[in-house]
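Right, one structure below, let's go through it.
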Amino acid sequence: MKLLERENFLTLLGEYAEDAAGGDSRVVLIAGEAGVGKTSLVEECQARTPDARWLWGACDGSFTPQPLAPLVDVADQIGGELAAVCRSDEIPRSRMFRLLRDELTASDALTVLVFEDVHWADEASLDLILFLSRRVRNCRLLILATYRDDALGRDHPLRTLLGEAGTHRWARRMALPALTPEAVTALAAEHGVDGRKVYELTGGNPFYVREALASSGDQLLTSVHDAVQARICRLTPAARELADWVAVFGASARLADLQQVATTRPDLLDECLESGALVASGDALRFRHELARAAIESSLPSHRLCAMNAAALAVLARRDDVETARLAHHAELAEIPGSVQVYAPQAGRQAAELGSHREAAAQYERVLRWTEGADPRDVAAWTDALADEYGLLDQWEHSAEMREASIGRWRELGDRRRQSQALRKQGHAKWRLCEGAEYERLVYAAEEVLQGEPACPERGWAWLSQAGTLLDEDSAKALDLALRARGIAEEFDDSALLADALNTEACIRMIRHEDVTALFRRSLDVAAEGNHESQTGRAFSNLHAFLAGENRFAEAEEVLAEGLEFWELCDFSTYEACLKGGHVRALDRQGRWDEALLIGRELVSRAREHLSPVNRLNPLGGVGRVLARKGDPEGAEMIAEALGYAERLDSADWLLDARISWIEIGWLSGDDDAARERAAAAVEGAQGVEPLLRGEVAVWARRVGVAADRLDPLPPPFDLWTSGDELAAASWLSDAGRPYDAALACLDSGDQDAMREAVRQLDALGATAASARARQLMRSRGVAAIPRGSRVATKLDPLGLTSREREVLTLLCDGASNAQIAQQLVISGKTVDHHVSSILAKLGVGSRTEAADVALAAAASH
């Protein structure tokens, strides 16, 4: 069937190819529903660009994806070192990614790299596309990635790629629509069929149109599934059986494999190919589209499907080049528990090693569905492995559920070391879920079960976890435990334990206000050398947090860049969220609020859908503080949410951080009684915590009139601030690059010139609520010549509204209810109430109708 209504898209692809041929790379994301013709479009583009080198990588939707299958396809086409590396089980994926990048950027001719059906891609393959989209600028490369956009769930991993890759200047997106009724009518006329009926049946989907017209005969069938079946039913029984076998083998079936289970006479092959039921692809047969293959496979009776998969498994298992993920798929459909128990764990381990943790989890889920006759130790190990994968995906509720099961299994088996390990990891899961009391109980239980056992790494891990519970109460004991764990790590040559011991030691010494940069760096080096993803992620996150806390922002950004490059090469959600959350905090401190909101809002959106509670604390706190200072009532809601998580976690540092923000909320709103009450509680809980955090508590306590002498001694600039030399503190903070805090120090000084300068700084930052509170304090103290000013955004708005208030007013003018506004803007109903009240007050009206009238009149005058 000829391509209709696609010329504009082909013209655009031609232009992108010309750009890429000139050294201006392009990444094109091609969307469309199943069967809309994405592959046909790309194939036509290839026909029109014959001088380019074309490399194709496909994602298979017929079974749980094999990690990096598209890369293996491409490597086989390129050959050389890349092909050898991709076929090895021992090579880290970072080397594969870099080899491919070097290959693509070295060519002087245009290369077109096609990734087909990336909605089926494993996460490592999605990471590869994202890596290339960031790293192949200014070379002769055109990347085309096709995907279905009609079945992407809200948490589909492809959405992350679309969101990030789509923001690059060199990225382009196109969405293929269905054919119009006119195009379908033109095609139907060639078959003597009523085009209107074809369009009603197919909705203009090109694949469905083709199948409907090919099977129409005297009468148009009533469903596309029937149309696919009708094409197959025209075959002789022997040819139909051959097509059935092709459907069972998956995306493609090698002729040599088919010959072992089916009759493959030349006349049967010709019949299948000439009818259009199958197409030849090298030495293999395949269906023209996955929809057709799936339709045939689903029509097979269950008993026959089971027997055919068993036969396919026997054939494929004799080959040494078949992915274990594919063997696991056939083993499960063949209902052979023993084979599932062999292949699924292997596929899970391979996926995990390549960073495809979703696929690894799917394989462990598979084997745990087929535990009949399995060794109980294997079942316990698979359960542990699944819990680990869920944790790496930041799905801690699922991780905790699996870990609870593994704890029971190891207890029944009498394996106290594995039980200890499971208890400790369960404690970690509970910490991530902000269940502080359970975390503490479990990490002590992890050591208790080892009573009577000789020295072992598991004991070192238990000590490290216990040290984490003592950071704020007894840093000396915590340090002793960390050093003992370090000794165990060195005795048993356990690099993962050593990396974590160094990291924990650095965290403890940080509380003592020591420079721990070198210690964190050593932890990072040990973790990276041992290829320990979790320890590497923790080291990046904690080093960044330390540097940002010390106002060494340039160094912190270098660590951020290192960390983000690390996460480009491995799929690891938990610590990526930690690092980005810490970056939001650093941007907040530097007054880079637009950047903080841009990154933080995306994290908050992810947090409420996907991230564990502890990973919600930083983005909620960072975004909440900025919004509150800007006068957005949503900020207070976010801080309250963060405080709730911190109270559940019951970690002094996190709790104090949230309480400091909660004090600020009271101060910004003018509720001094609430601010004092909150400050008193913060002072009570600040004993022994990290000095810089203790200093922030002391400053806020002093600002709202609460004694905090017990928190002395304090590090700079808090010692200056609380001793009455606020201007020196302001100068220190200004030099450190913290404009908001510098402005508050000026305000606290009582010096009228300094207070006026504070207001100007707050206005420049857009801190509407803070500048309003500052002016109110200055008026109450009789300060003259208070600077006038308002937030830049409200100056640009004719009614003096913030951007969010303008959005609310626009919807209000359209007649939307508060509930509808909340749903459209993805904010709470309470926040909408606050915005509406603010709008009515600013406009000087008493009703929504009057507000709409004022808005319409203002629009007409402009």
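The values are calculated or read from the model by the stated rules, or taken from the named source; none is laboratory data. Quick caveat, the model's predicted, so the values are computed rather than measured. Cβ placement follows ideal geometry from the backbone for every residue including glycine, while neighbour counts extend to all protein chains displayed. Ligands, DNA and RNA are excluded from the accessible area calculation, which covers all protein heavy atoms including side chains. Shrake-Rupley method; radii C 1.70, N 1.55, O 1.52, S 1.80 Å.
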Study note, to complete from the structure: Nearest-0.05 FRET efficiency for residue 640 and residue 595 at R0 = 22 Å, using Cβ-Cβ distance, is 0.35
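With r defined as the distance between the Cβ atoms of residue 807 and residue 12 and R0 fixed at 41 Å, what FRET efficiency is calculated, to the nearest 0.05?
Values: r = 33 Å, r/R0 = 0.80.
That gives a FRET efficiency of 0.80.
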Check your understanding: Under 5 Å between amide H atoms, partner at least 5 residues away or on a different chain: which partners does residue 144 have, H built in plane at 1.01 Å?
Key -> 28, 113, 114, 115
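Let a ≥ b ≥ c be the square roots of the eigenvalues of the Cα gyration tensor of region 342-442; is it rounded (a/c under 1.5), or, if not, prolate (a/b larger than b/c) or oblate? The partial results should precede the final answer.
On the way: a/c = 2.32, a/b = 1.25, b/c = 1.85.
Taking the square roots of the gyration eigenvalues as a ≥ b ≥ c, region 342-442 is oblate.
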**Study point:** For region 694-761, the Rg and Dmax computed from alpha carbons only, in angstrom
**Key:** 11.2, 34
Point to revise | Dipole in debye (nearest 20) - region 620-729, about Cα centre, beta carbon charges: Lys, Arg +1; Asp, Glu -1 | key: 80 debye
Review point. Using a 1.4 Å probe, what is the accessible area per residue for region 647-800, in Å²?
Key: 43 Å²
Check your understanding: How far is helix 495-511 tilted, in degrees, relative to the longest principal axis of the Cα atoms in the chain, given as a value from 0 to 90 rounded to the nearest 10?
Key -> 20 degrees
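Hey, can you find the accessible area per residue of region 102-152 for me, probe 1.4 Å, expressed in square angstrom? Write out the running numbers ahead of the final one.
Details: 1520 Å² over 51 residues.
Per residue, region 102-152 has an accessible area of 30 Å².
Given the Cα-Cα distance of residue 521 and residue 279 and 0.36 nm per residue of separation, how much length would full extension add, in nm? Present the calculation step by step, with values, prior to reporting the outcome.
Values: separation 242, 0.36 × 242 = 87.12 nm, distance 5.59 nm.
Gain on stretching residue 521 to residue 279: 81.5 nm.
From the helices alone, meaning DSSP H stretches of at least four residues, give me the mean residue ellipticity at 222 nm for the chain, per-run term -39500 (n - 2.57), in deg cm²/dmol to the nearest 500.
Working: 46 runs with 579 residues, N = 862.
Helix contribution divided over all residues of the chain: -21000 deg cm²/dmol.
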Practice item. Could you tally up the Lys pairs in the chain with alpha carbons closer than 28 Å? Skip any pair fewer than 8 positions apart unless they're on separate chains. Key: 14
Check your understanding: Where the centroid of each part is defined by its Cα atoms, how far is region 360-439 from region 712-736 in Å?
Key -> 49 Å
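Just for the chain, what percent of DSSP beta bridges are antiparallel, to the closest 5? Walk me through the intermediate numbers first.
Working: 6 of 29 bridges.
DSSP beta bridges in the chain are roughly 20 percent antiparallel.
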Practice item. Report the residues of region 349-371 in range of a label on residue 84: point 7 Å along Cα→C-beta, backbone N strictly under 19 Å from it. Key: none
Review point. For residue 171, which sequence-distant residues (separation of 5 or more, or a different chain) have an amide H within less than 5 Å of its own amide H, given hydrogens modelled in the peptide plane?
Key: 27
Review point. What is the magnitude of the charge dipole of the chain about its Cα centre, with +1 placed on the Cβ of each Lys and Arg, -1 on the Cβ of each Asp and Glu, and no other charges, expressed in debye to the nearest 20?
Key: 1480 debye
Exercise for review: Find how much the distance from residue 441 to residue 194 grows on full extension, using 0.36 nm per residue of separation minus their present alpha carbon separation; answer in nm with one decimal.
Suggested key: 81.7 nm
Practice item. Using Cα centres only, tell me the gap between region 122-181 and region 514-532 in whole Å. Key: 35 Å
Exercise for review: Keeping the other protein chains in place, figure out the carbon and sulfur percent of the accessible area of region 273-368, with a 1.4 Å probe.
Suggested key: 50 percent
Practice item. Measure off 7 Å from each Cα along the Cα-to-Cβ vector at residue 230 and residue 455, then give the distance between these two points in nanometres to one decimal. Key: 7.9 nm
Review point. Is the shape of the chain rounded, prolate or oblate, going by the alpha carbon gyration tensor and its root eigenvalues a ≥ b ≥ c, with a/c under 1.5 for rounded and a/b larger than b/c for prolate?
Key: oblate
Exercise for review: Express in nm, to one decimal, how much length is gained between residue 378 and residue 238 on full extension, taking 0.36 nm for each residue of separation and deducting their alpha carbon distance.
Suggested key: 46.1 nm
Check your understanding: Going toward the positive end of the dipole of the chain, with +1 on Lys and Arg Cβ and -1 on Asp and Glu Cβ, which of 754, 478, 334 do you reach last?
Key -> 754
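Counting only protein heavy atoms and using a 1.4 Å probe, what share of the accessible area of region 645-731 belongs to carbon plus sulfur, as a whole percent?
Numbers: 1620 of 3480 Å².
The value for region 645-731 is 46 percent carbon and sulfur by accessible area.
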Point to revise | Helix 457-469 axis, angle to the chain major axis (alpha carbon atoms, nearest 10°) | key: 40 degrees
Point to revise | 0 to 90° range, to nearest 10: angle between helix 533-549 axis and the chain longest Cα axis | key: 30 degrees
Revision key, fill the gap. With label points set 7 Å from each Cα along the Cα-to-Cβ direction at residue 260 and residue 837, the distance between them in nm comes to 7.4 nm
Review point. Charges only on Cβ, +1 for Lys and Arg, -1 for Asp and Glu: so what's the dipole of region 405-510 about the Cα centre, in debye to the nearest 20?
Key: 320 debye
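Listed highest first by mean packing, meaning other Cβ atoms within 10 Å per residue, what order do 4-14, 686-696, 356-366, 525-535 come in? Spell out each step's value before the answer.
On the way: 4-14: 15.5, 686-696: 20.4, 356-366: 25.9, 525-535: 18.7.
Peptide ranking by packing, descending: 356-366, 686-696, 525-535, 4-14.
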Check your understanding: Points 7 angstrom from Cα along the Cβ direction at residue 138 and residue 371: gap in nanometres?
Key -> 5.6 nm
**Study point:** Farthest positive-ward along the chain dipole, Cα basis, beta-carbon charges - from 450, 258, 207
**Key:** 207
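Tell me whether region 60-161 comes out rounded, prolate or oblate; compute the Cα gyration tensor, take square roots of the eigenvalues as a ≥ b ≥ c, and use a/c under 1.5 as the rounded threshold.
Working: a/c = 1.93, a/b = 1.33, b/c = 1.44.
Judged from the Cα gyration tensor, region 60-161 comes out oblate (a/c at least 1.5, b/c at or above a/b).
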